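The next block holds one structure in the form of structure tokens; read it before the comments.
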């Protein structure tokens, strides 16, 4: 590989990683037009509560955020991005930890969710943008914001039987605060994860 080719690869990877970072920053900040700009017009998004177009995702996320309690907080953090490029297509796989502060049933909680994101990119008109985004969920955790402030009876009263054990608190939070039930979940170690990863490989292979 020539120095020029190596430089171009570095530039491409930087643009791809930056776009994924900007997307989640805009999600937390409520910058919806900039969020949509991270996607191609025909892009699709699959999360724990949503499956549809990128523009629909932005609108649904905006409606969700509008219903939050004034004390609610949210931060998506990215780590270990791994970008693989093949011609005009690429896959960016990275870890995401979602930190949320949520007021539910009069109590303040800290919720943490661990997942992996697969962003499938395509370069069109010289710009790398996302064509498909999928989240693979691993586990979650729900804790009182102030230790001891939530009685054990509260946890004992929760009916979490309708949610997958790996992210039961995450799903409960979504439905309790926003009315969103689990939809097309992809869980770590599941057949759905295998299918999502195979789809990413197939996508990348068609990049030339």
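The values are calculated or read from the model by the stated rules, or taken from the named source; none is laboratory data. Note that the structure is predicted; figures quoted are calculated from it, not measured. Cβ coordinates were reconstructed from backbone atoms using ideal geometry, including for glycine residues, and neighbour counts include every protein chain displayed.
General observations
- In this entry, residue 105 is excluded by the filter for residues that are in contact with a strand residue (DSSP E or B) (Cβ under 7 Å, 6 or more places away or on another chain), at pLDDT below 95 and either under 22 Å from residue 166 (Cα atoms) or surrounded by fewer than 18 Cβ atoms within 10 Å (Cβ to Cβ) (or both).
- Failed item in (1) modelled with pLDDT under 95; (2) in contact with a helix residue (DSSP H, G or I) (Cβ under 6 Å, 6 or more places away or on another chain), with residue 177 passing the rest: (2)
- Among the numbered conditions (1) out of contact with any strand residue (DSSP E or B) (no Cβ under 8 Å at 6 or more places or on another chain); (2) free of Cβ contacts under 8 Å to residues at least 40 places away in the same chain; (3) within 20 Å of residue 174 (Cα to Cα); (4) buried (at least 19 other Cβ atoms within 10 Å of the Cβ), the only one that residue 49 does not meet is (2).
- Condition met for residue 13 (surrounded by 12 or more Cβ atoms within 10 Å (Cβ to Cβ) and either in contact with a strand residue (DSSP E or B) (Cβ under 6 Å, 6 or more places away or on another chain) or at pLDDT below 90 (or both)): yes
- Residue tally, condition at pLDDT 95 or above and touching a helix residue (DSSP H, G or I) at 6+ places or on another chain (Cβ under 8 Å), over region 42-53: 3
- Residue selected from region 185-208 under the condition exposed (fewer than 13 other Cβ atoms within 10 Å of the Cβ) and assigned to a loop (DSSP other than H, G, I, E, B), by the criterion modelled with the highest pLDDT: 189
- For residue 67: the one exception among (1) surrounded by fewer than 13 Cβ atoms within 10 Å (Cβ to Cβ); (2) under 20 Å from residue 45 (Cβ atoms); (3) without any contact (Cβ under 8 Å) to a residue 12 or more places away in the chain: (3)
- The selection criterion, being free of Cβ contacts under 8 Å to residues at least 24 places away in the same chain, surrounded by 14 or more Cβ atoms within 10 Å (Cβ to Cβ) and either on the phi < 0 side of the Ramachandran plot or in contact with a strand residue (DSSP E or B) (Cβ under 9 Å, 6 or more places away or on another chain) (or both), does not hold for residue 155.
- Matching entry among 110, 140 (being on the phi < 0 side of the Ramachandran plot, crowded, with 20+ Cβ neighbours inside 10 Å and either at pLDDT 95 or above or outside any loop (DSSP other than H, G, I, E, B) (or both)): 140
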